[in-house]
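See structure below.
Nothing in this text is a laboratory measurement; each read-out follows from the coordinates by a stated rule. Keep in mind that this is a model prediction, so the values were computed, not measured. Here the Cβ positions follow ideal geometry from the backbone for every residue, glycine too, while neighbour counts run over all protein chains shown.
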Amino acid sequence: MNSRKQRHWLLLISSCVLAACLVVWIGDPEVILSPFSKKGKLSSETVRVSPTPTPPLREALKFQMIDFEHGWIQYTDGRMRTEDSGATWQDAGLDVPSESLAGVELVDDSIKELMGLEVIGSSGVNGSVSQNPQTAVLDSTTYSLKQSQFLTPRIGWALLANPKDAATIQSALLVTADGGQTWNAGLKPAVREAILKEKDRLQKLKREAALYATKDTAKAVIGSKWKLVPDTAAPGDVVLVRHDEPGSITWLGKTYTLQPFGAGYFTYLPTTMQAKAGKYPIGDQVLTIQGKKFETQYLKVTKQMESMKQDTDRIQADQKKIDLARSKSEPEFLFKGPFVQPIEGILTTPYGHTRYVNGKYDSSHLAIDLAAKEGTPIKATNDGVVALADTLYLTGNAIYIDHGMGLFSQYAHLSELRVKTGDRVKQGDIIGLVGTTGFSTGPHLHFTFWAHNVQVNPNLFFNTTPFQWLK
C-alpha cells in the first residue's frame, strides 16, 4: 500500500515538473537550452535572443512631378520614380537628375495662367482654393504637408510631412483632381480619368493659345466669357466669335452654331453688304458696324458674253454643285499660319465694287480680281481640303478650299486645275494656273472667301489670321 502511494506521489511530482518545464519552454525556449553549448556541455553564460528591431520609418524629403505621368520622390536613403502619375513607384538609385525622368516639357507658367483663367467660375474648381496648402483632409483626417505642386489649377500632388502618416495610408503623396478641394491616396480610377481629361484640355488650350499674336492677347480672349475678334466691322467683313461654352448666335436673320475648338467655342459671323450701321449685342459684347461706301465699276463685254448669264439652267446646275461642296466643313480651324495672297498681280477690281455690265446693273463684285499673265502659278492661300475642283459655266475652271469652321476660299477662271476634290493642301501649294475661262474678259484670278456661304472681304485675311484681328 505504501509502495503504491509512493508511486502516485512520484508520478504527480514528475508531472508538475514536466508541466513547469513546458511552460518555460513555450515562453522562452532559450532558457532551457542556453546553459548548454551546441555539444551538450554546460555554457558559462546564459544566451537570450533579442526581438527583431522595428526598422525606422522611411522619410521623404521632397518630390517633383515633371509632367502628368513622370516624377520622383527623394528619400533620406534614395530616390523613387513614377511613370504612371504615382500609381506605382520604382527605385531610381541615390541620385537621378530630374530631367532624365521624362522627355516631355513642363507645363510652363503662361499656360498654367491661361488654364487658371479658363477654369474660373467652373463647377469643378473653387477659385479660392490655395495652390500652396499646408494641410490636406483625407477620409476626415487632417494631415500636415511638407510640400505641394500643382501642374494645373485642377491637378496637384502633396507630400506628407509625417513619415508615420505616410506609413499609415501607405503613400507619401496625396493627389487632387479638383484644385485641392478633395485629396486621394493613390491613383484611383476617377482621379486617373480626371488627369487624362486635364491633359486633353491642356493640349487644346495650348493649340488655341498658339494662334493668338501674343500671350497677353491669348489671356484677354481666353479669360473672357465672350469675345468678338474684332468688335468693329463694316459691311462685307467677317467677325470671329468666341464663347466659353456651347450654344448658338442669331445674327442678321440666321442662326450660327458655336463649334468647339481649343478651350472655347467659335463661329464666324459674316456681315453682309446689307448690314446696317449700328451697335449689335452679341452675348455680353457689342458689335459695332460702321457704314462704308463702295465704288462703281462699268464693264463692256460682247453680246455673246452677256448672253451667258441668260442660261439659268446651267448656272443653277453649277450652283447646286457649289452649294453641296460648301455644305460641309471640317469642324476645326485647319490653318496655323497666316493666309497669303494667291498670286502677285494687278488689282483690276477691288472687293465690293458695284458692277454695271454694258450699262446695266449686274451685281456687287464680292471678290478681288488680280490680272496676271496666263499660266501664272496660283498658290493655296492656306492649309485646307479641296471641297471642289471642277469646270463650271460662269467661273470656268474653279477651286473651293475648305479651311474649317465654315470658311472657304474660292479661285476662278483658271486655265488649268492642279488639284482634285478631296485633296489636302498646304499654304503655298500650287493648285492651278491663271487663265480666262468662263465669264472673263482677260487672264486674271477671281479670288474671295466665303464664311457660312456669305462672301467676305479677302483683304482681311492676307498676312494674318482671324485669331490675330484683335487690336
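Observations on the model:
- The ranking of L57, L470 from fewest to most other beta carbons within 10 Å of each one's beta carbon is L57, L470.
- Cross-link partners for K164 among the lysines, with Cα-Cα distance under 21 Å and sequence neighbours closer than 8 places in the same chain left out: K62, K146.
- Potential lengthening between K188 and L324 on full extension [0.36 nm per residue; Cα-Cα distance subtracted]: 44.1 nm
- Sequence-separation-based contact order of the range 390-471, relative, with Cα cut under 8 Å and 6+ spacing, percent: 28
- Couplings 3J(HN,Hα) of the range 434-447, computed from phi: 4, x, 9, 7, x, 7, 8, 9, x, x, 6, 10, 8, 9 Hz, in residue order, whole Hz [Karplus 6.51 cos²θ - 1.76 cosθ + 1.60, θ = phi - 60°; x for Gly and Pro].
- Once the Cα-Cα distance is subtracted from the 0.36 nm per residue extended length, the S363 to N162 segment shows a gain of 64.4 nm.
- Taking amide H atoms as placed 1.01 Å from N in the peptide plane, the amide H of T395 lies under 5 Å from those of F439, each 5 or more residues away in sequence or on another chain.
- Segment Q468..D91, full-extension length gain: 130.8 nm, with 0.36 nm per residue of separation and the alpha-carbon distance subtracted.
- Here each label is just a point 7 Å from Cα along the line to Cβ, and for Y356 and D423 those points are 4.1 nm apart.
- Eligible lysines near K360 by straight Cα distance, threshold 30 Å, same-chain separation 8 or greater: K276, K292, K293, K300, K303, K309, K320, K321, K373
- Simple spin-label estimate for I430 and R314 in nanometres, 7 Å along Cα-Cβ: 3.0
- For L211, the amide hydrogen comes within under 5 Å of no other amide hydrogen, counting only partners 5 or more places away or on other chains and with H modelled in the peptide plane.
- Residue-wise HN-Hα couplings along the range 146-163, as the Karplus relation 6.51 cos²θ - 1.76 cosθ + 1.60 with θ = phi - 60° gives them from phi, are 8, 7, 9, 8, 10, 6, 9, x, 9, 9, x, 10, 9, 9, 5, 7, 9, x Hz; Gly and Pro carry x.
- Ranked by how many other Cβ atoms sit within 10 Å of their own Cβ, fewest first, the residues D84, D244 fall in the order D84, D244.
- Ranking of M308, M65 by neighbouring Cβ atoms within 10 Å, starting from the fewest: M308, M65.
- From phi via Karplus (6.51, -1.76, 1.60), per-residue ³J(HN,Hα) for the range 66-83 in Hz, x at Gly/Pro: 7, 8, 5, 10, 9, x, 8, 10, 9, 9, 5, 10, x, 9, 10, 10, 10, 10
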